[in-house]
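The values are calculated or read from the model by the stated rules, or taken from the named source; none is laboratory data. Keep in mind it's a predicted model, so treat the numbers as computed, not measured. Using ideal geometry, Cβ is built from the backbone for each residue, glycine included, and neighbour counts are taken over all protein chains shown. For the accessible areas, the whole protein counts, side chains as well, though only heavy atoms, and no ligand, DNA or RNA atoms are used. Shrake-Rupley method; radii C 1.70, N 1.55, O 1.52, S 1.80 Å.
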Amino acid sequence: MPKILIGFMGAGKTTIARQLDSNFIDMDTKLIERFGMPISQFFDKFGEIAFRKYEAQLLKELSTSRQVISTGGGIVMLEENRKLLQENIETIFLRADFDTLYQRLLSDPKQDRPLLNHQSKAELKALFDIREPLYMSCAGKIVDVTAKTPKEILEEIR
Ligand code: S3P
């Protein structure tokens with residue numbers, strides 16, 4: 001059963017996954033390999049619905065793995081994904097308030113975020129409000145990462 005990290009963009013899913021398991025799987029990285037192009041380019045060419053289809057397929061493939069998996073922030077948008085995440089008892093929600101996440105995103109070196117590049121702060125906040133209860137509904141464990149160091153977060157997860 002994999003440990004699956006979920007949460008909004010900027011929650012630190014990839015950073016924490018890497019520290020939990022050096023063989024972790026980053027779903028966005030895998031998708032970039034499959035697409036042969038950056039995620040923002042894939043969004044421009046084929047749209048978000050196509051992206052979600054590939055993302056769901058990959059989650060299904062990974063659901064029987066034993067590794068740590070970091071998901072993309074939109075993984076909870078599809079019901080089939082939520083069902084898989086709910087069935088997996090090691091689904092961990094890295095939770096932070098919107099303003100903290102927004103500040104982090106502004107200084108995050110990961111620039112390949114189509115939703116961030118195309119939406120205003122108010123639109124992102126609306127997305128956050130839609131997703132927050134979805135992350136909650138999928139999580140076997142909730143870790144508040146707002147004012148914690150990676151070390152403290154890791155201790156809570158392990
Ligand atoms: C997305 C988040 C991104 C990536 C894609 C869509 C989203 O991942 O999957 O740009 O819908 O929130 P991160 O959460 O790792 O930034």
Examine the range 42-64 for a residue that is part of a loop (DSSP other than H, G, I, E, B), at pLDDT below 95 and more than 9 Å from the ligand (Cβ to nearest atom), and state whether such a residue exists. yes
Considering only residues that are without any contact (Cβ under 8 Å) to a residue 40 or more places away in the chain and within 13 Å of the ligand (Cβ to nearest atom), which ones fall in the range 111-124? Gln111, His118, Gln119, Glu123, Leu124
Does any residue of the range 28-39 turn out to be of a type in the set (A, V, I, L, M, F, W, C) and under 20 Å from Leu127 (Cα atoms)? yes
Which of the residues that make up the range 149-158 are of a type in the set (Lys, Arg) and part of a loop (DSSP other than H, G, I, E, B)? Arg158
Suppose we filter Glu90, Glu80 for residues that are more than 12 Å from the ligand (Cβ to nearest atom), open to solvent by 30 Å² or more (accessible area, probe 1.4 Å), touching a residue at least 24 places away in the same chain (Cβ under 8 Å) and touching a Leu at 6+ places or on another chain (Cβ under 9 Å); which single one remains? Glu80
So Lys45 ticks every box in (1) closer than 21 Å to Ser137 by Cβ; (2) without any contact (Cβ under 8 Å) to a residue 12 or more places away in the chain but one. Which box is left unticked? (1)
I'd like to check something: does the range 97-108 contain any residue that is under 14 Å from Ile4 (Cα atoms), at pLDDT 95 or above and of a type in the set (A, V, I, L, M)? no
Across the range 113-154, the tally of residues that are of a type outside the set (Val, Ile, Thr) and open to solvent by less than 40 Å² (accessible area, probe 1.4 Å) stands at 14
